[in-house]
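The values are calculated or read from the model by the stated rules, or taken from the named source; none is laboratory data. Predicted, not measured: the structure shown is a model, and the values here were computed from it. Quick reminder, even Gly has a Cβ in these numbers, built from the backbone with ideal geometry, and neighbours come from all protein chains shown. These area figures cover heavy atoms from the full protein model, side chains too; ligands, DNA and RNA do not enter into them. Shrake-Rupley method; radii C 1.70, N 1.55, O 1.52, S 1.80 Å.
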Amino acid sequence: FYSTFSLAMLSRMHSRVRMMRHPSINVRMCHRVCIHVRGLRKHSALGALGGECYTQSGLVCCCKSSSSSSASCVGTGGDLGTGDGPFDRDGVNHGFVSDNLPPSLLNDTKISVVHERVTHDRYITLYDRKVHFESKHMGSTSLDYDVVGHPKSNFRFACVMPVRVDKEHGTVTTTVVWEYAQGLNTMCATFPTGGFDASKHDSIVDTARAELAEEARLSGGELTCLVDADNHPGLVETKWCRNRFYPFLCVGAETIRDNPPPRDLEEDLSMRVCEVSLVDLKRLLKSGDMLPPSVHTAYLGLEELARRGVHV
């Protein structure tokens, strides 16, 4: 799946972003049309269709929106593939029609959300969603689903792979966090991960920086978004969840020695930070102890490191 996803995305991304040069901004594009950002305060293209990227020195790039044929939304009462873009009016991604979807499947079945209501709302929000299917081969039927998500985070979160490259000793390490996973009632490994907070963050890039500081006690470094920053709705967390995430690679972050930002109580109680080699990271990926968004981020991060000449 991952290699198919990567090749398909790479084949489309080069035509989707155009840059406006600014002599005083350190922003460049890598082969994946990722954006390398230092000091970025706002990057609306990471959270909405197209838009502008701002740094402390001003406008640096303008991202071109793609047509509705490659990205559509499912809102209440809406049909799959008939929206104007992957985000509805409140900026929430209700559905996204991937370019990788087989045309035969898209043409065979019409899917529409009949209604959706909140049945529980605490740390996560639980929705009761009724969906209507019309299939050329299976006929017409409606089904009920339980769907979860984090509307307070605009259904978006960041996952960051921190990497240290020690050229003097020839070592490359990454920082992982072990924390309590309440659903499994056990400890699991993850990269620094957290939800977008509109009261604190101007962009998902700010979210990535904040999670690095809060969970891994790291700051600075070169931060790279590992997906297309033009029109990507974010990577899927799981099939029954509305959340999507943005994976990042951060190279060269330094440990915060004094006055690190506070953590949530449950993080302070259970969280442990470890620095491991990339060889040990690969073992961890195969162990089943790492949460899926971090596994996906690790795959893309290792691929980007290899492109830069950094190998395990």
ask   = Cα-Cα over 22 Å: which of LYS167/LYS286; LYS130/LYS239; LYS136/LYS239; LYS200/LYS282?
value = LYS167/LYS286; LYS136/LYS239; LYS200/LYS282
For a label point 7 Å along the Cα-to-beta-carbon line of TRP240, residues of the stretch 136-169 with backbone N under 11 Å = 145-148
ask   = If all Cα-Cα distances of the stretch 151-226 are sorted into 10 Å bins from 0 onward, what percent lands in each bin, rounded to whole numbers?
value = 18, 43, 30, 8, 1
task = Please give the per residue accessible area of the stretch 122-191, computed with a probe of 1.4 Å over protein heavy atoms only, in Å².
result = 58
ask   = So if R0 is 45 Å, what FRET efficiency would MET138 and ASP197 give, r being the distance between their Cβ atoms, rounded to the nearest 0.05?
value = 0.60
remark   = Zone reached by a paramagnetic label modelled 7 Å from TYR123 Cα along Cα→Cβ, restricted to the stretch 196-235 with backbone N below 20 Å, covers 196-198, 211-212, 214-216
task = Quote the convex hull volume per residue of the stretch 109-267, based on C-alpha atoms, as a whole number of Å³.
result = 176
inquiry  = Show me the ranking of peptides 127-139, 155-167, 172-184 by mean Cβ neighbours inside 10 Å, starting with the highest.
reply    = 155-167, 172-184, 127-139
request  = Assuming R0 = 45 Å, can you tell me the calculated FRET efficiency for the pair THR109 and ARG283, based on Cβ-Cβ distance, to the nearest 0.05?
outcome  = 0.65
